[in-house]
1. Of the residues in segment 69-80, how many are surrounded by 10 or more Cβ atoms within 10 Å (Cβ to Cβ) and in a loop (DSSP other than H, G, I, E, B)?
2. Only one of these is within 23 Å of the chain's Cα centre (by Cα) and in contact (Cβ under 8 Å) with a residue 12 or more places away in the chain: G80, G104. Name it.
3. Checking S51 against (1) surrounded by 10 or more Cβ atoms within 10 Å (Cβ to Cβ); (2) more than 14 Å from D97 (Cα to Cα), which test does it fail?
Amino acid sequence: MKARLFATIAPALTFAAALSGCTGTGSDNLADASPPPPSMEPSCGADQLASYVGQPASDEVIAKITAWRGDKPMRVLKPGMAVTMDYRPDRLNVQVDEDGKIKGFTCT
């Protein structure tokens, strides 16, 4: 009788054990993690570059911004340009409009 009961319950226990491995406490699942508080999040410095908005995105201007950034990541985004969607809060995006002027800066 015990062997028959075990044979009936064993597959259900195995299935439940397998499913429990798929769930986590959330600490190792970045998709469910809350973003860090704004004060803890790295900044790319976009808020310090307002004086460049409206200027032509010439090689000279981009070189100045690049020099200011140092070795930190940066990219120039032009209309219709394909870009990756990875999130990097320390990366500066220089957004350029159809006329070749800087329209803004974002950190991603």
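1. Within segment 69-80, the subset surrounded by 10 or more Cβ atoms within 10 Å (Cβ to Cβ) is 69, 72-79.
Cutting the leftovers down to in a loop (DSSP other than H, G, I, E, B) gives us 72-73, 78-79.
Qualifying residue count for the region: 4.
2. Values: G80 fails: in contact (Cβ under 8 Å) with a residue 12 or more places away in the chain.
Matching residue, one of G80, G104: G104.
3. With (1) surrounded by 10 or more Cβ atoms within 10 Å (Cβ to Cβ); (2) more than 14 Å from D97 (Cα to Cα) applied to S51, the lone miss is (1).
Per-residue answers, yes or no, for (1) β-branched (V, I, T); (2) on the phi < 0 side of the Ramachandran plot; (3) at pLDDT 95 or above:
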| position | (1), (2), (3) |
| --- | --- |
| G21 | no, yes, no |
| D32 | no, yes, no |
| S43 | no, yes, no |
| G54 | no, no, yes |
| R75 | no, yes, yes |
| G80 | no, no, yes |
| R88 | no, yes, no |
| G100 | no, no, yes |
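The values are calculated or read from the model by the stated rules, or taken from the named source; none is laboratory data. Quick caveat, the model's predicted, so the values are computed rather than measured. Reconstructed Cβ throughout: ideal geometry from the backbone, glycine too, with neighbour counts over all protein chains shown.
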